[in-house]
1. Counting other beta carbons within 10 Å of each Cβ, put GLU534, GLU424 in order, fewest first.
2. If you wrap a convex hull around the alpha carbons of region 457-583, what volume per residue comes out, as a whole number of Å³?
3. Taking H as built 1.01 Å from N, whose amide H comes closer than 5 Å to the amide H of ILE557, not counting residues under 5 places away?
4. Check SER608: other-chain or 5+ apart residues with amide H under 5 Å from its amide H, H built from backbone geometry?
5. How large is ³J(HN,Hα), in whole Hz, for each residue of region 436-449 in order, when computed from phi with the Karplus curve 6.51 cos²θ - 1.76 cosθ + 1.60 and θ = phi - 60°, using x for Gly and Pro?
6. Sort 573-580, 647-654, 47-54 for me by packing, meaning the mean count of neighbouring Cβ atoms within 10 Å per residue, highest on top.
7. DSSP loop (so not H, G, I, E, B), at most 15 other Cβ within 10 Å: list which chymotrypsin sites (Phe, Trp or Tyr not before Pro) in region 115-160 pass both filters.
8. Provide the per-residue ³J(HN,Hα) series for region 152-163, in order, calculated from phi with Karplus coefficients 6.51, -1.76, 1.60 and θ = phi - 60°, each as a whole number of Hz, with x at glycine and proline positions.
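What follows is calculated from the coordinates using simple rules that are stated; it is not laboratory data. Remember, it's a predicted structure, so these values are computed and weren't measured experimentally. Methodologically, a virtual Cβ is constructed for each residue, glycine included, from the backbone with ideal geometry; neighbour enumeration extends over all protein chains shown.
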Amino acid sequence: MRTTLYFFLGVIITIVIGNSIIIFAESDTKITYSNWILITNSLIAVGLSAMILVKDRDSKEGDKTNILLTLGLIFWFIANIIWAYYEVVLDIVSPVPSLADLFLLSAYGFLIYRLINIYKKLGYITNKKILLLIISGTGLFLIYILNLTLDLSELSNFRGLMLFIVTIAYPTLNSILTVLALMILLGIKNEKHHFIPWICELVGFLAIVVGDSWFAIIVLTAFVEQLWMSALLLSAHYLLIAAGLIWYLRYYIKWQSKDLIYKIIINIRRRRGKNETFKRILFSSIIIISFLIFTGFYYTNVFSGDEDKDFFIKKSSSYPQLSSSSKYSYDDNIKKDFVVGAILPFTGSFSSIGKSVKVALEKAEYDVNKHFEQMNSSSHFTLLMANSKTSPEETLVAIKKLHEHGANIVVGPSIGSTVLAAKEYADANNITLISYSSTSSSLSIEGDNLFRLVPDDTSQGKIVAEKMIKDGIKVIVPIWRGGLYSNDLYKSTKSYFEKLGGEVEEGINYKPYTGKFATSLHRINFLMWNQELEKLNAIVADAIKKYGADSVGVYVISFDEITPILIQSTLYENLGKVRWYGSDKIAQNHQITKNIDAALFAMKTHLSNPLYSIDGESKELHDLKEVLKKQLHEVGSITYSALAYDSYWIAALSLDKNNTTFNNSNNNGNLTKSFNDIIRETAESFDEGVSGKIELNKAGDRLDGNYDFWIVAKDNDTRSYEWEKEH
């Protein structure tokens, strides 16, 4: 009894510790950790199954079922590798059905056939009433899942039909495995050593039933951001199967004295003797270790997430150290050290620009310090970067941390909602913000501490509306993300379009399904988008009947969720008949060009996106592009990278100029300029930037409203999809 208790306690602790890696990971890194955990756990199960196959090869009865189990687990393992390759390596959404689906669904054939063979060999017929109850309960569950999936599915084309079939196949096949395992369990309930492994296998099957049906819980609760929880159940499933195999190896396989594992176990037994002291020590050790692990999580603030390491991205070693940075001193007569903070969306729904902005800021830091060193200046600038996670709450935490570390000027944040979250704290603590991508017109306020190197959304809304009218669009159907930026841009575009004689339908204002989901669960993400796109398709269909397809446009304002929107829009005929127009946060998004379905739909609908124009091909801009290619193997959105680069330069030059002005005013006894005046003066006289001439309006936003329109095109030489300017 104690052995069984220790065994199940160990299994639970192993599952908790393994899944805690996923639980406490950042939202965007959960997918990476989930893939690695699934690969590792499935490999463990494969290894144990193969060991049983080798050790039990002389048993004619067990050989066939062991082969079937091993093959099934191998196929599952291969499927997990393929999913990880899609999601982590290629950073794309896997097609439905994918090669991974083929391997995973094929595995069920081996596993179901195995359970049927085992049940037949038992020669035990389950009580008919119990059997009827099991089948009825399972049938009702599957009917509910089938009905729910039908309501969320679009079956009018091949891809939608395949998506439905694959989605419903998993809970169906998992339920069959669960029913067979339960019937076998009832047949061997008096055989202890066989009963324990089957308990593990049954609970494991129940875990994947819930995991693959998790979207039902999402639909009922609307907790769309918790889809990653199904990865915990899939991870536990493999560990439960592995635990059952370990029990089977321990009590059912005959070990020989020459076996390495046998020798290890014998040596352990000799050392501990036959008393119960070792068991007590082992049990106490497990409890103490578990307590220390979770205490460590607590005291390192993993739960609250406010440790410095969670907010500050370490600088890369891509740039050599300058001689002037060898030693810092706070003596103004020897060296002047300045801190420039930066808030960037390294993760979250606008993370597609995070890496390129980070690289640009690091290059700017190097170039700025090199510039001051060549001038024999004692000024040195240190870059501190904080991750906003594209979240207002996290942005507020980030700016507080940067301020604590000495930053009184901050490059960023990136979008309206995060700028708004930081702005109140910045104004209250005399911190200046220089945003490289925020355009929300609501934030155009004269006299505040916010400067923006891009024009506000009134410029973008005007130019998009004018282009739509020029293209012959008479009515637009908008679909836009809820939030400050999207709402402001929608209102601006709507106002200008209607002034020009166009009509704007009510459209869809959606709450984004944030975060990245495991590739194996993207089919669920797609189903969730069907609810919004079905409504959009109906509105577009009515508009086409009234005005004709050539006169109707879809206007979409979104962040990185644009990729699943485009992929899933291929299911709806009317959405592909009209032209699409997007926004600056969609232009040059590399996820669209990486995903073939998204790229093809963008080409079909001529998805056209405005983006602030970076003029000219200066040496500095060329150098920045080369650095981005070298470090990221792609340029990505050069616009935001260039604006972030210039923002750092303006921040550094302003700090140095402010220090000089302050020292001069102390000597003269007359302080004539505020820091914000210096920033405006520096920005408008900055000739070494990569984004062109800078002029600011009274609110501190860029005046120049020149935009390029970007579309997706196919490169005939490389056969890849790329962003290009629309002529």
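1. Result, fewest neighbours first: GLU424, GLU534.
2. 88 Å³
3. Counting only residues 5 or more places away or on other chains, the set is ILE479, TRP480, ARG481.
4. Long-range HN contacts for SER608: TRP580, TYR581, GLY582.
5. 9, 8, 6, 10, 4, 5, 5, 9, 7, 10, 6, x, 8, 9
6. My ranking of the peptides, most packed first, is 647-654, 573-580, 47-54.
7. Hits after loop and neighbour filter: TYR124.
8. Karplus values, whole Hz, x for Gly and Pro: 9, 9, 10, 9, 7, 9, 5, 5, x, 5, 5, 4.
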